[in-house]
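Read through the structure below, which is laid out as structure tokens, and then see the notes.
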Amino acid sequence: MFGVRLRFLGLPLLTLTFGCQVFAQAQVGSAPSITFDQNAKVFRIDAADISYAFGVNERGELQPLYWGGRLGASDVLPPAHSSHEVAAFDLSSSVSPQEFAGWGAGLYVEPALKITFPDGNRDLVLHYVSHHIDGSSLTVTLKDISRDVFVELRYEVDPASGIIGRSAVIQNKTKDPLTVESASAATWTLPHGTDYSLYYLTGRWGSETSLQHEAVRPGQRVLESRRGSTGHQNNPWFAVEQGPTGDEDTGDVWFGALAWSGSWRITVEQDQLQQVRVTGGFNPFDFGYRLAPGESLKTPIFYGGYSHHGVGGASRLLHRFEITEILPERPNPKPRPVLYNSWEATEFKVDEPGQAALAEKAASIGIERFVMDDGWFGQRADDHAGLGDWYVNPQKFPHGLKPLIDKVHSLGMDFGLWVEPEMVNPNSDLYRAHPDWVLNFTGRPRTEGRNQLVLNLARPDVRAYVYGFLDKLLNENDIAFLKWDYNRNWSEPGWPAVSPDEQKQVWVKYTENLYSILAELREKHPKVEIEDCSGGGGRIDLGLIHHTDEVWTSDNTDPFDRLSIQDGFSYAYTPGVMMAWVTDSPHWLNHRTTSLEYRFLSSMQGSLGLGANLNHWQPEDFAEAKSMIEAYKQIRETVQHGALYRLVSPRDGSEQSVTESVAEDGHQAVVFTFLHSSTMGFHYPRVFLRGLEKNANYKMTPIAGKATKETPETASGAYWMSHGFDPDLVGDFQAAAFRLERTSN
Ligand code: DGJ
């Protein structure tokens, strides 16, 4: 998933350019070092600001030794020694931490791998066999003490961020099939300690990425999805902080993100000896992957990183890593175009004249991409029919899509289209022809969600159908962008076409096929960009954003609710992929009334889009929107790809929220300030900026709203950071934004 190794090795120039903001104190520019001390049997990885080490203990197990700030080059790490049995109840095999523990011997903590052999044996003890170092990657091979089950542990380190991608390949070299009952990508082990706290993201439809923060306590905190996809309910990201710092940008933080879009699990565990470890991979619930002799199973990649600059520093590292190593256009994705999407304006009532009229209005305010949402295909009048039938609806578009696409192009925009490839309505020609194509158990009900069923993408014929219709659609139409939707989770996840002992492979093969379709489509149609959507943000993870350029953050487009959703989102994902539309007021969900300016500023914190019904707009709305879109284009590179500082949190009933983004090269900073509600005549709290150069001067220009009249136009970075400034905000649902340009170094 990383870029080619050459880029790592030849990186000095690249890393130096973005070292300015994100890696200010990192030892950037140097190639990572991966070494193995043959005598002490210690592996050590040094990159950017981190060191990571593990060793082979006297039993042959891989034992973690260190993960944290970068150590001195000549520092010698003590070799690995298994811990003594603490009591008969705490066997040495369980209290000695392991990099990747098989469930065997006496292991009472979370295993990384559990296997059942056909003879009933379920004991798996993995010992070091060999290793291979290749530039920025390390592969360590483990093997069971008696059976020919091999596990290749892969470590790939990003020299710029020190983020390590870990995964495992489980190989059955025995003569019989075996069943993998659980398989994790990695276990991350933290230094011994009791003062850890955990950040994680929860949610539901319309209320995604809500940040939770709680003490790590004895036992397990399980973050997971059993839904066949990533899910709105938990997101596969975590951060663990040591000590209560009370500040976003200070303190030691270990964080990780799992690149998997199927059912997943991350277990944060503090054992009885107060050892904290985090294990993540496939969700073991209903798992049971049959591995025939000679076959192997590759786990997803579990990325892990460390920052000495708090959870703020952690997210800045992760954002930069996503931009340079994960996104399809890495390392330099283009800024996202400002798009218009028809969904909230028309819902399913799309047709050629209606869409053309919206397109004209969108173009007049500087929109760059026009996206037609649901409703254009099959017999799709509402959500009861049509999914699966990917022909253009002849009543709505009697001449196909071409006239509309030509119209959009003539207006200077490119054209995007909504699809939901993995689903089918029972009321569709596809389902009538292939009722066996959906996930189901023979003779059991098929539970519908939004009147639809899930196609079993693990089936080769379904995979071929989905790839085929998308390829045809893109061949026949000049489409620049697909919004790829996915509007329910799995139920009855059966796969009757294969033998019972192979059916549970669906948990893996479905998602593998999803990724391979996306990869193949991108290769064949390199100009087509893709938005990842699942009823809002129900399937966002590093696995999918490796194949998609942006994500639909939430169906909740209320600009005030969005401040919290976007805040949570930003802990795990770069604002560059975070689509945010300006929609109508009062908002359909909360019936809240907000000004167009407030709605724009909320959406301008991410990748700006419009979803309002432009047919209801007045001339002054168009004029205001035009000038806000113009202003956004001047700052979008900074907002989408800069270093994000969350200065005041919108969480927990906060009356204010403030974010600041600093351009990668430091020439510009952008500040968004929001006021929920003034009370008792109190002033808006002073805003202290971060990430500027103390001795450089910056000129501040309001984008919308203003600062108090005492605020200087130009001042040093030291002034903006230490003295700060006061936004002039009073009332309810008020907002202001400012652009700072560096005028001298
Ligand atoms: C759910 C998406 O999140 C919405 O934006 C919209 O595309 C609808 N589906 C269309 O059915």
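The values are calculated or read from the model by the stated rules, or taken from the named source; none is laboratory data. In this text the structure is predicted, and so the values were computed from the model without any measurement. Using ideal geometry, Cβ is built from the backbone for each residue, glycine included, and neighbour counts are taken over all protein chains shown. Ligands, DNA and RNA are excluded from the accessible area calculation, which covers all protein heavy atoms including side chains. Shrake-Rupley method; radii C 1.70, N 1.55, O 1.52, S 1.80 Å.
What to note about this one:
- Considering only the chain, percent of DSSP beta bridges that pair antiparallel, nearest 5: 85 percent
- Accessible surface of SER534 - all protein chains present, 1.4 Å probe, nearest 10 Å²: 10 Å²
- In angstrom, the C-alpha Rg and Dmax of the range 81-311 are 17.8, 56.
- Among residues other than THR447 with Cβ under 13 Å from its Cβ, the summed charge is +3 (Lys and Arg +1, Asp and Glu -1).
- Ranked order, VAL498, VAL95 - accessible area, probe 1.4 Å, largest first: VAL498, VAL95
- Taking Cα centre as origin and charging only the Cβ of basic (Lys, Arg, +1) and acidic (Asp, Glu, -1) residues, the dipole magnitude of the chain rounds to 660 debye.
- With K and R counted +1 and D and E -1, the other residues having a Cβ less than 14 Å from that of PRO111 yield a net charge of -4.
- Probe 1.4 Å, all protein chains present, accessible-area order of LYS396, LYS699, largest first: LYS699, LYS396
- Value of Rg to Rh for the range 94-182 (Rh from inverse mean 1/r over Cα pairs, i.e. Kirkwood): 1.01
- Ordered from highest to lowest accessible area with the whole protein assembly present and a 1.4 Å probe, HIS546, HIS616, HIS683 read as HIS683, HIS616, HIS546.
- Beta bridge orientation in the range 81-311: antiparallel %, DSSP, nearest 5: 100 percent
- With DNA, RNA and ligands ignored, accessible area of THR714 (1.4 Å probe; Å², nearest 10): 70 Å²
- A Förster distance of 45 Å, applied to the separation of the beta-carbon atoms of ASP382 and SER654, puts the FRET efficiency at 0.70.
- The distance from the alpha carbon centre of the range 603-618 to that of the range 637-682 is 20 Å, rounded to a whole number.
- Per residue solvent-accessible surface (Å²) - the chain, probe of 1.4 Å: 36 Å²
- In the range 434-516, the chymotrypsin sites (Phe, Trp or Tyr not before Pro) that fall in loop regions by DSSP, at most 15 other Cβ within 10 Å: PHE441
- D_trans [Stokes-Einstein, Kirkwood Rh over alpha-carbon pairs] for the range 276-334, 25 °C, 0.890 mPa s, µm² s⁻¹: 166 µm²/s
- Extension gain, ASP471 back to PHE89 (0.36 nm per residue minus Cα-Cα distance, nm): 131.6 nm
- Residues in the range 111-152 that a label on VAL222 would reach, taking backbone N under 16 Å of a point 7 Å out along Cα→Cβ: 111-114
- By a 1.4 Å probe calculation restricted to protein chains, THR194 has an accessible surface near 80 Å², given to the nearest 10.
- Among the listed pairs LYS175/LYS509; LYS407/LYS706; LYS349/LYS706; LYS527/LYS706, those whose Cα-Cα separation exceeds 29 Å are LYS407/LYS706; LYS349/LYS706; LYS527/LYS706.
- Taking label positions 7 Å along the Cα-Cβ direction at both GLU492 and ASP665, the computed distance is 5.9 nm, reported to one decimal.
- For the chain, the share of accessible area belonging to carbon and sulfur comes to 52 percent (1.4 Å probe, ligands and nucleic acids excluded).
- Qualifying trypsin sites (Lys or Arg not before Pro) in the range 155-249, DSSP loop, other Cβ atoms within 10 Å at most 15: LYS173, LYS175, ARG204
- Average projection area in nm² (convex hull over Cα atoms of the range 243-370, one quarter of hull surface): 15.4 nm²
- A straight chain from LYS298 to ASN745 at 0.36 nm per residue would run longer than the Cα-Cα distance by 156.0 nm.
- Largest to smallest principal axis extent of the C-alpha atoms in the chain, angstrom: 77, 69, 49
- Think of the range 135-208 as having a plus end and a minus end, set by charges on the Cβ of Lys, Arg, Asp and Glu; of PRO177, THR139, TRP205, PRO177 sits farthest toward the positive end of this dipole.
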